[in-house]
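Undergrad: My questions all concern the structure below.
The values are calculated or read from the model by the stated rules, or taken from the named source; none is laboratory data. Quick caveat: nothing in here was measured; it's all calculated off a predicted structure. Note that each Cβ is placed from the backbone with ideal geometry, even for glycine, and that neighbours are counted across all protein chains shown.
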Amino acid sequence: LNMKSEKDEL
Amino acid sequence: MNVFRLLGDISHLLAIIILLLKIWKTRSCAGISGRSQVLFAVVYTARYLDLFTSYISAYNSIMKLVFLAASYGTIYLMFIKFKASYDHNHDTFRIEFLILPCVLLSLLINHEFSPLEILWTFSIYLESVAILPQLFMVSKTGEAESITSHYLFALGSYRALYILNWIYRYYAESHYDVIAIVAGIVQTVLYCDFFYLYITKGIYGQ
């Protein structure tokens with residue numbers, strides 16, 4: 001769980 | 001943006017529009033779970049707070065605003081304008097049993113222990129189970145109007161299409177988000193029984 005999401009999804 | 005993501009978003013938008021139109025045209029929210037709708041409003045509010053902090057694209061911002069407006073619009077129609085048609089007696093799912101575990105889980109399993117990140121994680125977890133009061137209501141009454149079935153089908157398809165989007169992005173962009181993927185799979189699995197009935201019977205409950 002180290003990958004921070006980019007939050008480009010809805 | 002790939003085709004699965006776009007179809008997913010269109011499906012999501014379609015679901016919301018179907019629901020709003022159904023309530024508006026029939027002047028009734030019979031058969032719709034107000035509890036699920038409140039959970040969705042909480043989901044969008046918690047997730048889209050980043051409207052104020054980060055800009056991705058016009059598409060992204062506009063869609064977020066549309067989802068927020070439609071969600072609060074639905075709540076207004078259900079709890080104020082067409083309140084008399086709201087089916088209280090069948091909408092009895094205890095939402096604290098969904099909210100509290102999601103709060104706990106988002107505090108324990110997140111990408112980063114910061115307020116916005118925890119709210120985003122909470123919204124992802126809560127979205128995955130937010131439809132349960134609606135599915136519970138449908139199973140309790142043993143029927144759903146066909147328009148409600150179309151709403152559920154479009155809403156369920158949205159996350160299923162997002163799974164294809166995540167598979168595509170994993171291979172094409174090496175991009176993945178474990179939290180969104182696992183919660184998205186859980187969310188889609190919850191619809192499986194409904195999908196089966198919708199496809200085999202055409203209209204759920206008939």
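Undergrad: Taking helices (runs of 4 or more DSSP H) that do not extend beyond the stretch B:1-99, which have at least 2 residues that are surrounded by 14 or more Cβ atoms within 10 Å (Cβ to Cβ) and among the basic types (Lys, Arg)? Lay out the reasoning, then the answer.
TA: On the way: elements: B:3-26, B:34-47, B:58-76.
Fully inside the stretch B:1-99 and qualifying: B:3-26, B:34-47.
Undergrad: Among the listed residues B:Ser157, B:Ser149, identify the single one that is in a helix (DSSP H, G or I) and more than 24 Å from B:Thr45 (Cβ to Cβ). I'd like the intermediate steps shown before the answer.
TA: Numbers: B:Ser157 fails: more than 24 Å from B:Thr45 (Cβ to Cβ).
The conditions single out B:Ser149.
Undergrad: Whether any residue in the stretch B:138-156 is at pLDDT 95 or above, farther than 19 Å from B:Leu13 by Cβ and within 14 Å of chain A (Cβ to nearest Cβ) is what I want to check.
TA: There is no residue in the stretch B:138-156 that is at pLDDT 95 or above, farther than 19 Å from B:Leu13 by Cβ and within 14 Å of chain A (Cβ to nearest Cβ).
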